[in-house]
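See structure below.
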Amino acid sequence: MLFLSTYPGDPTTPGYPSKKGVPRADTSAVTPKIPSLPISYRAAEPLLKALNGFGLQAAEVNRTAWEGALDAEYRTGPALGVKLSLDNKMESKITPIWNVIGHINGTNPDETLIIGNHRDTWMIGGNGDPNSGSAVLVELTKAIKKLTDAGWKPKRNM
């Protein structure tokens, strides 16, 4: 089942719901000027390794949260002789969002487990906000599909 969802909190409609036909605020003051694009660990690791030995380490700029588990030094760069080209094509338009709902009956009909993630964003110019949660749900769906194909049935409705 799919249904249209209107969501209050759209930055183009501050203070009132984002619905078709409502006036929109100018977004030029809040549109990011630095392009960004979510990438996988596989894509990030060679980029981070290219910065090894160049720039400051995370601890030197009080940003230890930058450091992750990849085999890299997590430095700021720039790295001599390394060039990165980023192509980030975006369409700046207002579009509706839909809620996607699935249901699996459990053996105990009186208990229900709800698993979810938001797909909207409060960011002007992109939808990077919910990507990690969406990726987890996609992988969880694949795992549950394998289990149900093998005859498994959850105790609780999902």
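The values are calculated or read from the model by the stated rules, or taken from the named source; none is laboratory data. What you are looking at is a predicted structure, and each value in this text was computed from that prediction instead of being measured. Using ideal geometry, Cβ is built from the backbone for each residue, glycine included, and neighbour counts are taken over all protein chains shown.
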Take Arg156 and decide whether it is under 20 Å from Ile101 (Cβ atoms), out of contact with any Lys or Arg (no Cβ under 6 Å at 6 or more places or on another chain), modelled with pLDDT under 90 and not aromatic (Phe, Trp, Tyr). no
Every listed condition ((1) free of Cβ contacts under 8 Å to residues at least 60 places away in the same chain; (2) in contact with a strand residue (DSSP E or B) (Cβ under 9 Å, 6 or more places away or on another chain)) holds for Ile101 save (1)
Note: among Leu48, Leu86, Leu80, just one is under 24 Å from Asn131 (Cα atoms), modelled with pLDDT of 75 or more and assigned to a loop (DSSP other than H, G, I, E, B), namely Leu86
